[in-house]
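The values are calculated or read from the model by the stated rules, or taken from the named source; none is laboratory data. Quantities reported herein were computed from a predicted structural model and do not represent experimental measurements. Here the Cβ positions follow ideal geometry from the backbone for every residue, glycine too, while neighbour counts run over all protein chains shown. Keep in mind that these areas ignore ligands, DNA and RNA; they rest on the heavy atoms of the full protein, side chains included. Shrake-Rupley method; radii C 1.70, N 1.55, O 1.52, S 1.80 Å.
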Amino acid sequence: MQHKLLKKTLLAASLSVIIAPTVSFATNGLAPTGIGQVHKAMGGAAVANPENTTSIATNPASVTAISDGYDVELELFKPNRTVTRKALPPSMGGIPSETYKANEKSVFFIPGGGYKRSINNKVSIGVAVYGNGGMNTEFKNGPTFISGGDPGFPPAGTVIPFSRSGKNSGINLEQLFIAPTIGVKLNDKHSVGISANLVYQTFEANGIESLAGGSADGSRFTNKGKDSATGIGASIGWLGQINEKFSVGASYRLKTKMGKFKDYAGLFPDKGRMDIPAALTIGISALVTPKTKIAFDIQQIYYSDVHAIGNSSSKRDKSGNPMPFGSNNGPGFGWDDQTVFKFGVKHQKSPKLALLAGYNHGDSPIGPEDTFFGALAPGVVEDHLSLGFEYKLSKTSKLLGSYTHTFANKVKGDLMKRQPFDLEMDQDAIGIGYSRTF
């Protein structure tokens with residue numbers, strides 16, 4: 001039996017690696033609102049709310065509380081990304097505003113799944129495979145910016161397009177997690193679990209030659225094709241059953257040190273390194289009626305601890321001089337840590353049909369002081385509303401679905417801090433999944 005389990009686990013992981021290059025999205029900054037169709041439909045509330053094998057991705061201890069089985073899913077994700085260069089007053093050149101769309105690639109497919117098997121009545125193992133982060137922008141024409149006359153750039157007041165090569169401007173970041181997991185029941189009410197996060201990420205930048213003048217290595221800044229990096233991290237979790245109606249949970253994903261994007265050593269700090277930030281999630285779920293469950297999570301994502309994400313794009317050294325891209329502890333995207341609130345409801349409408357709804361909020365990690373480089377990764381959305389269903393096909397199988405609308409949000413750049421862009425984004429996502437128990 002263990003040999004068959006290993007074969008199935010490796011097969012699931014292999015299939016996900018094959019289809020993973022389609023993964024690219026941004027909701028709570030670089031992170032999804034939730035993982036798994038049920039959790040997405042419930043606003044991402046999952047850490048104390050084990051539903052199926054995809055719950056492992058949020059809380060490794062969930063592997064002890066779900067039925068043996070597997071899940072597969074596919075989500076269609078459509079972001080709308082807009083960047084507006086501010087108008088400059090006559091005293092600053094009198095240049096009118098201009099708006100650019102970064103939607104040359106507008107639809108993305110996000111796969112995912114999980115598998116779980118009980119070893120005995122105390123120990124369970126499983127694996128979750130999912131896209132944990134990403135970002136994509138592609139401008140056909142633009143954006144352009146106004147030179148401030150810094151070293152390596154044309155004279156102040158010159159209108160400069162990002163691209164000088166005729167390529168579309170933009171970036172594409174994709175992250176795949178494969179998380180083999182083991183969980184142990186400490187007693188009838190408490191469980192713990194741990195996952196090894198096997199991470200594969202790819203990155204590509206095109207058409208941003210005009211920014212290369214601010215790099216320590218302009219030859220490895222843009223137009224280098226797709227590069228990849230791998231890393232190994234871990235997540236730990238706890239799940240507690242307070243009584244028949246209330247559950248609590250907590251999980252912590254450690255910061256994952258990734259290999260370097262060597263082809264983009266002139267873009268990312270520390271010669272091409274982009275690590276995966278740590279994240280802490282705590283939550284509670286409650287059966288408020290025999291047919292209705294609510295769940296609530298709070299998640300903290302530590303973007304500021306990753307140089308490539310948290311360092312300001314206009315970072316300066318101790319002498320006050322601009323630091324070049326690619327330097328040790330050099331400029332990044334300037335994202336703040338993000339606190340995310342996730343709330344979800346599941347109501348059993350009939351023996352076969354459950355209806356789901358959720359709300360998710362996290363303040364934009366990008367502030368007015370860092371919108372210039374944010375034009376390449378405008379992850380500024382804050383409010384998400386989701387709906388979904390769970391339909392029982394048989395005693396052992398279910399059909400799952402979710403829809404999430406992310407409301408438009410705009411962050412206006414601070415001209416006084418030389419941030420000429422206003423960033424705006426809204427999103428829609430629809431997904432379908434199949435859940436099977438043994």
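Tabulated data for the structure shown
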read-out: Per-residue HN-Hα couplings for segment 92-98 [Karplus 6.51, -1.76, 1.60; θ = phi - 60°; Hz; x = Gly/Pro]; value: 10, x, x, 8, x, 6, 8
read-out: Candidates ASN409, ASN132, ASN120, ranked by Gaussian network fluctuation over the chain, Cα under 10 Å, top entry; value: ASN120
read-out: Per-residue [θ]222 nm for the chain (sum of -39500 (n - 2.57) over DSSP H runs n ≥ 4, rounded to 500); value: -2000 deg cm²/dmol
read-out: Residue-span extension gain [TYR391 to LEU280] - 0.36 nm each, minus C-alpha spacing; value: 36.8 nm
read-out: Segment 279-438 - Kirkwood radius from inverse mean 1/r over Cα pairs (Å); value: 18.4
read-out: Two-site FRET efficiency, ALA156 against THR292, from Cβ-Cβ distance with R₀ of 56 Å, rounded to 0.05; value: 0.35
read-out: Sites ASP68 and ASP305 - FRET efficiency at Förster radius 41 Å, r taken between beta-carbons, to 0.05; value: 0.65
read-out: Over 26 Å between alpha carbons, listed pairs LYS245/LYS342; LYS262/LYS315; LYS78/LYS349; LYS291/LYS342; LYS346/LYS412; value: LYS78/LYS349; LYS346/LYS412
read-out: Choice from PHE162, PHE373, PHE153 showing the highest fluctuation, given a GNM over the chain with Cα pairs closer than 10 Å; value: PHE153
read-out: P(r) weight above 14 Å for segment 197-289, C-alpha pairs, percent; value: 71
read-out: Rounded percent of accessible protein surface that carbon and sulfur make up, the chain, 1.4 Å probe; value: 59
read-out: Gain in span if fully extended, ASN141 to SER219, counting 0.36 nm per residue against the direct Cα distance; value: 25.8 nm
read-out: Part-to-part distance (alpha-carbon centres) for segment 98-126 and segment 389-410, which is given in Å; value: 14
read-out: Solvent-accessible area per residue for the chain (1.4 angstrom probe, square angstrom); value: 42
read-out: Potential lengthening between ASP188 and GLU98 on full extension [0.36 nm per residue; Cα-Cα distance subtracted]; value: 26.2 nm
read-out: FRET efficiency, 1/(1 + (r/R0)^6) with R0 56 Å, evaluated for LYS349 and ALA87 via beta carbons; value: 0.60
read-out: Kirkwood Rh in Å, taken over the chain so that all alpha-carbon pairs contribute; value: 22.3
read-out: Gyration tensor (alpha-carbon) shape descriptor, segment 354-437, a/c threshold 1.5; value: prolate
read-out: Estimated distance in nm for a label pair at ARG418 and LYS226, the labels positioned 7 Å out from Cα along Cα-to-Cβ; value: 3.6
read-out: Hydrodynamic radius by Kirkwood, which averages 1/r over all alpha carbon pairs of segment 139-208, in angstrom; value: 16.5
read-out: Rough spin-label spacing in nm, given labels placed 7 Å along Cα→Cβ, for ASN328 and LYS245; value: 5.9
